[in-house]
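So the structure is just underneath, and the comments pick up after that.
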Amino acid sequence: MDDTNEKGQNFLFQPPTGQGVGANDPVFASSSSDKTMNAEASSTVQNQDTDNEEEESTAQLESSVIKLGRQEYAVGLFWQPLQDVDDPIHEIRETMESDEGANLYAIHYGRAPQYGIGKKSKGHQEGQIVAGISVLDALSDKSSFVAVFKVEEGWWFIAVRNDLILPEEDVLYKNENEAKDAFFSMMAVPDWGYKIAPDTWHIDGTEEMDLEELIKNTFQARLLSLSAARGTKILLAIAALILLLVAVIVYLVIFLLDRATQTPTKIAPVIPQATIKTVEPTREEEKPWEKLVEVNPFLERCWSYAYQMKSMQVPGWSLNQIVCTPKGISTGWNKSWTPGGRIAWLTAAYDEYKFTEVPSINESGTAATISIKFDDLPIVASTPTLSIARIRRELTDISQAINLPIAMSVQQITVGGATPEQQKAAQAAGQPVPVGKTYKYLTFSFSSSYDPPAWESFFDKFAALELVKIEYNPQSSSALSNNWKYEGRIYEK
């Protein structure tokens, strides 16, 4: 039933045209003026209904927010590939300045980093979860898919190609036919890995999926305001300036007080004194937690580099296990296709992704390895606050709460002790052997399907925590499998 019937039918009288009936007919003549008035009134009502429909349609199209359960999700973002992963704000600001009304953004550091631009005029708000990123995480094993989800607000359409949401293919349609047209227009593009559509459309090769069920346990990225990032930088700059001014004032006060308390120099007689042998104080060895690689930047760097390496499609070569340590990331490739798999293809992939490190290829040309150093990760000092027993209890409680097995063991490290060569030299000279100081820590390890950034809040709970190694299995058949492994240690108070 169309919109006109829903609002009320308008019946216009049509005079009979048979033989002997015309304008001179008494019945027709008596009702002619009435019919004219009715037609004009009906036309006015139809025009008003049409205007109301256009206003309602415009108001609906401005809203690009869907609600699943009690949670609101932002859709209808404008998507672009992210070129500068280390400093994305400048790139995002340029895109916003070219689009009037753009004031919110979200970043997805996936296999192909990208960002989406939102508008408050569409109903978007800072802190809203971005539905497109949640669907990408849920279907991370599918690099290309096109989908239409029936939601309470209409039909949400999204198209992903080579792990990137297409720029203007994240749309909430209020009209089912428009959603169908958008879906069928994408069918002209070949090689879609996955197609999702309502069962009522009866389209071969598609599958209907419940959106709320699909994304309920996925990574949730939220819309941010560019002004918030700019405000944080301004506050940090002001704080640094205040600290500098305070330091200068304190220095001037100390300098003036020292000058005021100085007395005239008196020449004292020279009295021979016995030679005093100075004893240099024993240098205290650096504690192991005083120079730790900051956890969150390490997680972000490992995640970004790992997905970039996985995105390299080298014909005839398969990617090995990826290992991240605070010193860098390393992996390798093995020749997997006997007739093909040329070294030239592997070298071309290195050049395309602009790796600064030179790969090492074995003599037979069947295996290659590469290591990239992390030279610029920030170093921090973090003083331990918990005992071994308390650390174990906290980890056990978290393990039970999220149903995740965590392996733990107590170990120790000695700092400042003599090396075997130094021990032999001291014993030969009859001198005491330097004894170092021992520090205890609790090691932990676990495997999970969640990417490194998802564990930032978990690692932030503990002081003096050091991530020793992160391993990633790029050959996993599903993103829901435990393809990430984390190993670390927490030092005792």
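Taking the solvent-accessible surface of protein heavy atoms with a 1.4 Å probe, what is the per residue accessible area of segment 339-425 in Å²?
67 Å²
May I have the count of lysine pairs in segment 357-479 with C-alpha atoms under 30 Å apart, counting pairs 8 or more residues apart or located on different chains?
Lysine pairs meeting both conditions in segment 357-479 amount to 10.
Could you order F219, F462 by accessible surface area, starting with the largest, using a probe radius of 1.4 Å?
Heavy-atom accessible area, descending, gives F219, F462.
Going by average Cβ neighbours within 10 Å, how do the peptides 117-126, 285-294 rank, with the highest at the top?
The peptides rank, most packed first, as 117-126, 285-294.
Could you work out, for segment 139-191, what percent of all Cα-Cα pairs fall into each 10 Å distance bin, beginning at 0 Å and stopping at the bin that holds the largest distance?
Result returned by the calculation: 25, 55, 20, 0.
Multiply the residue gap between L241 and M312 by 0.36 nm, knock off their C-alpha separation, and tell me the result in nm, one decimal place.
Additional length available on full extension: 21.1 nm.
How many percent of the accessible area of segment 293-436 is carbon or sulfur, using a 1.4 Å probe?
Exposed carbon and sulfur together represent 51 percent of the surface.
Determine the per residue accessible area of segment 102-143 with all protein chains present and a 1.4 angstrom probe, expressed in square angstrom.
29 Å²
If I ignore ligands, DNA and RNA and count only protein heavy atoms, how much of R489 is accessible to a 1.4 Å probe, in Å² to the nearest 10?
Here the accessible area works out near 50 Å².
What do you get for Rg/Rh over segment 73-121 if you use C-alpha atoms and the Kirkwood form of Rh?
That ratio equals 0.95.
I'd like the Karplus ³J(HN,Hα) series for segment 97-102: coefficients 6.51, -1.76, 1.60, θ = phi - 60°, whole numbers in Hz, and an x wherever there's a Gly or Pro.
5, 8, 10, 5, x, 6
Quick query: amide H of Q128 versus all other amide H atoms, modeled in the peptide plane; which residues come in under 5 Å with a sequence gap of 5 or more or a different chain?
Excluding prolines and chain starts, which carry no amide H, the hits are L223.
If I ignore ligands, DNA and RNA and count only protein heavy atoms, how much of I470 is accessible to a 1.4 Å probe, in Å² to the nearest 10?
Number for this one is 0 Å².
Using the Kirkwood radius over C-alpha pairs as Rh, can you work out the diffusion coefficient of segment 91-202 via Stokes-Einstein at 37 °C, viscosity 0.692 mPa s, in µm² per second?
218 µm²/s
Roughly how compact is segment 142-260, stated as its Cα Rg over 2.2 N^0.38 Å to two decimals?
Ratio of Rg to 2.2 N^0.38 Å for segment 142-260: 2.04.
Expressed as cubic angstrom per residue, what is the convex hull volume of the alpha carbon set of segment 292-340?
52 Å³
Determine, for each peptide in 139-149, 240-250, 388-398, the mean count of other beta carbons within 10 angstrom over its residues, then list the peptides with the highest first.
Listed from highest to lowest mean packing, they are 139-149, 388-398, 240-250.
Show me, for segment 200-210, the HN-Hα J-couplings you get by feeding each phi into the Karplus relation (A = 6.51, B = -1.76, C = 1.60, θ = phi - 60°), rounded to Hz, glycine and proline as x.
Along segment 200-210, the couplings run 5, 7, 6, 9, 4, x, 10, 9, 8, 9, 7 Hz.
Show me 106-113, 65-72, 150-157 ranked by packing, highest mean number of other Cβ atoms within 10 Å first.
Ranked from most to least packed, the peptides come out as 106-113, 150-157, 65-72.
Short version: ³J(HN,Hα) in whole Hz for each residue of segment 125-130, in order, from phi by Karplus 6.51 cos²θ - 1.76 cosθ + 1.60 (θ = phi - 60°), x for Gly and Pro, what are they?
Taking θ as phi minus 60°, the curve returns 9, 4, x, 5, 6, 8 Hz for segment 125-130.
If you wrap a convex hull around the C-alpha atoms of segment 355-467 and split its volume per residue, what is the figure in Å³?
234 Å³
Take the solvent-accessible surface of the protein heavy atoms, probe 1.4 Å, and return the percent of it on segment 442-487 that carbon and sulfur atoms account for.
42 percent
The values are calculated or read from the model by the stated rules, or taken from the named source; none is laboratory data. All figures in this text were calculated on a predicted structure; none of them were measured in a lab. As a convention, Cβ positions derive from the backbone with ideal geometry for all residues, glycine included, and neighbour counts pool all protein chains shown. Quick note on the areas: whole protein, heavy atoms, side chains included, nothing else; ligands and nucleic acids left out. Shrake-Rupley method; radii C 1.70, N 1.55, O 1.52, S 1.80 Å.
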